[in-house]
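One structure is given below, encoded as structure tokens.
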Amino acid sequence: MVEDLIFLAKIQEAARAVGLAVIAGNSLPTVTSIAQAQPQAILLDLNSRTLPVVKWVQSLKADPATNPIPIVGFVSHVQSDLIAAGRAAGCDLVLARSAFSQQLPDLLRKLGGEPFAAPAGN
């Protein structure tokens with residue numbers, strides 16, 4: 001779930017480079033439908049101005065069918081309250097947008113094939 005289409009294109013290109021597909025969604029029913037298909041991960045822009053993304057994380061983590069799916073949130077580094085809210089809601093990993101961008105290829109490789117474990121403190 002990424003509202004910024006340019007950033008979404010960057011994620012899609014990085015995913016293609018490591019052999020993964022990206023499905024975009026911008027509503028809870030769409031994200032829930034995607035999650036029910038058991039994707040390897042869910043990537044969420046916690047900075048959404050129009051969508052209750054943190055509540056979506058809570059819903060997905062409360063559902064036994066979608067709880068095991070790693071959820072990675074990214075946010076502006078200056079929004080420490082939103083970083084904390086994402087973690088409290090159940091994001092397995094919350095990164096500053098700049099760190100997310102920098103780590104994206106490695107993160108996608110890990111999410112695509114290796115068991116996921118969030119680094120300590122994230």
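The values are calculated or read from the model by the stated rules, or taken from the named source; none is laboratory data. Just so it is clear, the model here is predicted, and its values are computed rather than measured. So basically every Cβ, Gly included, is an ideal-geometry build from the backbone, and we count neighbours across all protein chains shown.
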Condition set closer than 20 Å to ASN67 by Cβ and of a type in the set (Val, Ile, Thr), scope the range 7-39, selection surrounded by the most Cβ atoms within 10 Å (Cβ to Cβ): answer is VAL31
Among (1) touching a Pro at 6+ places or on another chain (Cβ under 8 Å); (2) under 21 Å from ILE6 (Cβ atoms), LEU93 falls short only on (2)
Among ALA84, ALA62, ALA89, the single one that is in contact with a helix residue (DSSP H, G or I) (Cβ under 7 Å, 6 or more places away or on another chain) and among the hydrophobic types (A, V, I, L, M, F, W, C) is ALA89
| Hey, any hits in the range 52-74 for a residue that's surrounded by fewer than 17 Cβ atoms within 10 Å (Cβ to Cβ), under 22 Å from PHE7 (Cβ atoms) and at pLDDT below 90? | yes
